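Below: one structure, written as structure tokens.
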């Protein structure tokens with residue numbers, strides 16, 4: 001299939017990437033070729049495997065439910081680009097969704 | 001004789017006995033790193049800390065303390081592993097200069113074994129690549145021919161060992177990122193079974209596939225590093241509680257009667273003839289040593305590349321959402337911009353072209369309307385690939401294949417063609433998708449003196465068997 005310019009821009013919005021105009025032609029071409037290539041999976045007979053996809057080779061064991069020390073606040077904030085009053089600071093925003 | 005030419009066990013023994021000082025080893029390693037700076041294998045060299053640590057080891061020994069199994073052994077760390085005393089960039093501008101507030105468990109374990117952690121190695125950005133050309137800090141060069149790639153994504157770690165800068169290195173392998181550079185640089189590289197080694201402090205790429213593993217110049221040396229880093233970690237719920245066997249002892253066992261499966265599916269079109277000859281010759285030597293060679297079929301091998309590039313990119317698109325310019329790393333903020341613009345601008349400025357391409361592909365295969373045809377179908381095909389291995393291991397003890405379809409290719413050759421680059425991993429991806437144990441070891445040189453690797457694959461948690469066969473191959477080398 002052809003991954004169009006609009007499709008690339010839709011994916012970029014979902015992935016929170018702002019792409020420059022000059023990045024688009026190569027991304028359209030590359031993604032179209034890669035999607036065409038991986039589309040071969042559609043031709044594989046998977047009727048013998050269960051429908052429930054298994055993510056990861058093993059089931060993760062549960063740990064004991066006990067309280068443990070986490071990362072100290074100062075260490076967690078040490079690499080933050082901007083900190084205000086012991087918290088990560090971000091620009092103001094209004095979520096209208 | 002330089003201490004850097006010794007096997008790891010012998011060097012550690014000498015440092016423990018005091019016949020070689022850790023400080024002398026540290027100086028040799030740091031000098032070798034400086035002499036080979038042109039290879040661009042290191043992103044950070046911990047010169048001062050390494051010398052201090054070496055002196056402290058020598059002082060402890062002088063006081064009568066017994067030093068650990070990696071006493072004075074210089075080891076390089078892939079820059080995807082978090083370290084407290086050195087930056088962690090993951091080969092990306094988005095993490096340039098970042099200092100982690102915690103240390104990867106595997107790094108702590110090396111330190112506790114008295115290894116010298118000399119520095120952080122170059123890699124493809126976020127471990128996405130097969131040539132090391134996707135590093136934001138320039139490509140690594142192959143020491144056997146500097147016009148060629150060293151393989152990726154753990155190229156810097158492979159080159160640190162291949163060029164004699166260190167005796168060991170840690171890499172990470174999601175679809176071949178330890179085995180393929182090991183093959184292309186003539187080193188031994190192990191991708192342990194999924195769950196064998198803690199991933200706490202490994203920057204996540206594709207969490208159902210990522211594993212940490214060692215590089216070394218010979219099989220017993222790689223086995224010693226693996227023994228130090230393997231085992232359960234309460235900080236990684238995917239790490240197994242299975243006991244860690246004596247991997248070095250496994251290297252001494254012979255292979256008589258072991259069944260070695262050879263799948264013709266791994267010897268098809270695209271495989272370089274010289275590589276095929278060396279791999280078949282190595283298998284013939286195992287047979288001469290008493291192993292039984294058994295032809296097997298692994299019919300879903302050819303779907304490995306497509307399956308991997310759907311699943312790994314889907315997982316990456318989710319894992320890399322954390323790089324948003326808020327809590328750490330790069331932040332691109334313009335006056336008056338809102339939070340969404342900050343996210344978009346930071347990620348666009350911080351990620352390189354291959355990372356963006358994979359995030360977009362992963363977003364595509366998970367998006368409404370495409371999820372079932374791509375992501376869910378790839379999961380089903382993954383189950384079939386896993387079943388190929390289950391059926392094969394009902395017949396044979398290990399599987400032998402080429403690691404890479406070609407020897408090291410020229411820098412720049414595949415940069416413009418992502419699909420051609422992805423095909424470099426065609427033989428390593430299936431073992432990753434199945435979660436089984438695999439390694440690559442050198443088995444010869446092409447006429448242009450480029451290393452060729454043999455891949456050995458064993459069932460999950462059968463690293464001992466893998467190491468027995470690999471060590472036998474190494475001993476039988478002409």
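Bear in mind these aren't lab numbers, they're just calculated from the coordinates by the rules spelled out. The structure displayed is predicted, hence computed values, not measured ones. Glycine gets a Cβ as well: all are built from the backbone with ideal geometry, and neighbour counts include every protein chain shown.
Some points to look at:
- Unit Cα scatterers, Debye sum, chain B: log10 I(q)/I(0) for q = 0.06, 0.07, 0.11 Å⁻¹: -0.24, -0.33, -0.83
- Placing a pseudo-label 7 Å from each Cα along the Cα-to-Cβ vector at residue A:68 and residue B:47 gives an inter-label distance of 3.9 nm.
- Spacing of the modelled spin labels on residue A:85 and residue B:284, each 7 Å from Cα toward Cβ, amounts to 7.7 nm.
- Calculated log₁₀ intensity ratio I(q)/I(0) where the Debye formula runs over C-alpha points of segment B:316-393, q = 0.12, 0.16, 0.17 Å⁻¹: -0.51, -0.73, -0.77
- Structure-based [θ]222 nm, chain B - -39500 (n - 2.57) summed over DSSP H runs of at least 4, per residue, nearest 500: -11500 deg cm²/dmol
- Prolate/oblate/rounded call for segment B:122-176, Cα gyration tensor, a/c under 1.5 rounded: oblate
- Annotation: the residues B:121, B:401, B:50, sorted from fewest to most other C-beta atoms within 10 Å of their own C-beta, follow the order B:50, B:401, B:121.
- Choice from A:50, A:18, A:32 showing the highest fluctuation, given a GNM over chain A with Cα pairs closer than 10 Å: A:18
- Counting neighbouring beta carbons within 10 Å and listing from fewest to most, the residues B:298, B:123, B:128 come out as B:298, B:128, B:123.
- Gain in span if fully extended, residue A:29 to residue A:2, counting 0.36 nm per residue against the direct Cα distance: 8.9 nm
- Using just its DSSP H runs of length 4 or more, each adding -39500 (n - 2.57), chain A gives a mean residue ellipticity at 222 nm of -9000 deg cm²/dmol after division by all residues.
- Peptide B:354-367 is shielded by partner chain Cβ atoms: per residue, an average of 5 of them sit within 10 Å of its Cβ.
- Residue-normalised convex hull volume from the C-alpha trace of segment B:404-478: 85 Å³ per residue.
- Principal-axis analysis of the Cα atoms of chain A puts helix A:24-38 at an angle of about 70° to the longest axis.
- Overall form of segment B:10-149 per C-alpha gyration tensor (a/c, 1.5; a/b vs b/c): prolate
- Prolate/oblate/rounded call for segment B:225-311, Cα gyration tensor, a/c under 1.5 rounded: oblate
- Distance distribution P(r), segment B:152-248, all Cα-Cα pairs, bin width 10 angstrom from 0: 19, 50, 29, 3 percent.
- Shape summary of chain A, radius of gyration then Dmax from alpha carbon positions: 22.3, 58 Å.
- Taking only Cα atoms of segment B:348-470, radius of gyration then Dmax in Å: 17.7, 51
- Convex hull (Cα only) mean projected area of the protein assembly as shown, reported in nm² to one decimal: 27.1 nm²
- Stretched out straight at 0.36 nm per residue, the stretch from residue B:477 to residue B:256 would grow longer than its current Cα-Cα span by 77.9 nm.
- When you work out D = kT/(6 pi eta Rh) for segment B:436-478 at 10 °C and 1.306 mPa s, using the Kirkwood radius from C-alpha pairs as Rh and the Stokes-Einstein form, the result is 144 µm²/s.
- As a proxy for reagent exposure, ranking B:191, B:93 by other Cβ atoms within 10 Å from fewest up yields B:93, B:191.
- Comparing A:84, A:67, A:35 in a Gaussian network model of chain A (Cα springs below 10 Å), the most mobile by mean-square fluctuation is A:84.
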